[in-house]
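Heads up, the thing below is written out as C-alpha cells.
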Amino acid sequence: YEGVNTIKEMGRSIHEIPRQE
Amino acid sequence: DNCIQFTRHASDVLLNFNRLRSRNILTDVTILVNRQQFRAHKTVLMACSRLFYTIFTDSVKCNLSAISLDPKVDPEGFAVLLEFMYTSCLSLKDSLIVATLNTAIYLQMDHVVDTCHRFIKSRD
C-alpha cells in the first residue's frame, strides 16, 4: 500500500488445526 | 499508518484447509474419478481450477454434492493436482507426468500445464 509503513511479521498468523482430534 | 503483514498467513490458511480436508470437516463435494472418490471443498477447487470455477458458478451445478469427471481422467493424476491445490506443492514424477499434464489441461489449470511442459522438456 502506497504511503503505508508495512511491517513484516514472520511468525505464525493463526492457530493450527490439528491433524486429528 | 502501519500495516502489519503476516508473511505466512496465506500458507497458514492453506495448511488449515488441508487439515479440514483430511478430517473431512465441511467438505461439500465428492469428485468421482473412475470410481475413486475424493472429498474436497468447492471453494478451494474453484479457486484453483477454471473448470471447477465454471461448474460451481453455475446456479444449478453449484448445488451438486458429487461431480463425475470424464472417465479418461487418471485418478492418480487428479490426486497429484488435488494435493497441489491444498499444499502448493506439485509432486511431479516421470511415471505420472503425462497423466498429471492431461488432468491439468482438463481442469484448466494453465500455470500447472506450463510447469508440466517445462518439466517434460527438461527431461528430453
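Quantify how strongly other chains surround peptide B:4-14 by giving the mean number of their Cβ atoms within 10 Å of each of its Cβ atoms.
Working: counts 6, 8, 7, 5, 6, 4, 1, 2, 6, 2, 0.
Mean shielding by partner chains, rounded to a whole number: 4.
Add +1 for every Lys or Arg and -1 for every Asp or Glu among the other residues with Cβ under 11 Å from the Cβ of B:C62, and state the total.
Working: positive: B:K42, B:K61; negative: B:D28, B:D58.
Net charge around B:C62: 0.
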Query raised in the report: Leaving out same-chain residues fewer than 8 places away, which aspartates and glutamates sit with a Cα under 18 Å from that of B:K93?
Result: B:D74, B:E76, B:E83, B:D114, B:D124
Requested in this report: Calculate the dipole size of the range B:53-120 relative to its Cα centre from +1 charges on Lys and Arg beta carbons and -1 charges on Asp and Glu beta carbons; express the result in debye to the nearest 20.
Outcome: 40
Report summary line: For the range B:55-113, the percent of all C-alpha pairs falling in each 5 Å bin, from 0 up to the bin holding the max distance, is 4, 18, 25, 23, 17, 9, 3, 1
Query - trypsin sites (Lys or Arg not before Pro) within the range B:37-124: DSSP coil, no more than 14 neighbouring Cβ in 10 Å - result: B:K72, B:K93
**Report entry** Debye-sum result for chain B in log10 I(q)/I(0), which assumes one identical scatterer on each alpha carbon, at q = 0.10, 0.23 Å⁻¹
**Finding:** -0.34, -1.42
**Report entry** the range B:64-79 - phi-based ³J(HN,Hα) in whole Hz, Karplus 6.51/-1.76/1.60, Gly and Pro as x
**Finding:** 5, 9, 9, 10, 9, 8, 3, x, 6, 5, 7, x, 5, x, 5, 4
Query raised in the report: For the range B:1-58 and chain A, what is the separation of their C-alpha centers, rounded to whole Å?
Result: 19
**Report entry** For the range B:1-67, the fraction of alpha-carbon pairs in successive 5 Å shells from zero, as %
**Finding:** 4, 15, 21, 21, 17, 9, 6, 5, 2, 1, 0
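Can you divide the C-alpha Rg of the protein assembly as shown by 2.2 N^0.38 Å and report the result to two decimal places?
On the way: Rg = 17.6 Å, N = 145, 2.2 N^0.38 = 14.6 Å.
It is 1.21.
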Report task. Kindly flag which residue pairs out of B:K61/B:K121; B:K42/B:K72; A:K8/B:K121 have an alpha-carbon separation exceeding 32 Å in this structure. Result -> B:K61/B:K121; A:K8/B:K121
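No lab work stands behind these numbers, since they all come straight from the coordinates. Since this is a predicted model, take the numbers as computed values, not measurements. Note that we place each Cβ from the backbone using ideal geometry, even for glycine, and neighbour counts take in every protein chain shown.
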